[in-house]
Amino acid sequence: MEDDVFSGLANGQQIESKVVQTFQKSFVQVQNILDQNRVLISEINQNHESKIPDNLSRNVGLIRELNNNIRRVVDLYNDLSNSFAKSMEASSEGESAGATRSDGRGGQKRVRSGN
């Protein structure tokens, strides 16, 4: 009977571990893109200040690359949000399943106020 409760908890920990790994991977990707954007912005500013026609023309491509990077960051955050929502659903379903014993009754005691 208690094994059902513990297996539900173990599944929840596996889900949490996967969520943490997904967060870490996504945040590293986002940070790398933001670092790249910092370099792009610096180069765009230098080209703009130089007022040299070739440098200003180069800015068109750099700004496009910057915009694409921003889209990628938005997509990563969107994917991260969806992943998190799905894991929360799975986690809450696992908790519900884990709290039920094989005889169909809840595996945890209710806490009564005042007692």
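Here are a few things to note about the model shown:
- Counting all C-alpha pairs of region 19-78, share separated by more than 16 Å (%): 50 percent
- Here the label points at A90 and R64, each 7 Å from Cα along the C-beta direction, are separated by 3.9 nm in the simple model.
- Separation in nanometres of the label points that stand 7 Å from Cα toward Cβ, at L34 and H48: 2.1 nm
- Here the label points at S83 and F27, each 7 Å from Cα along the C-beta direction, are separated by 1.2 nm in the simple model.
Readers should treat all values here as calculations from the given coordinates under stated rules, not as data from a laboratory. All of these numbers come straight from a predicted model, not from anything done at the bench. Positions of Cβ are generated from backbone atoms using ideal geometry, with glycine treated the same way; all protein chains shown enter the neighbour counts.
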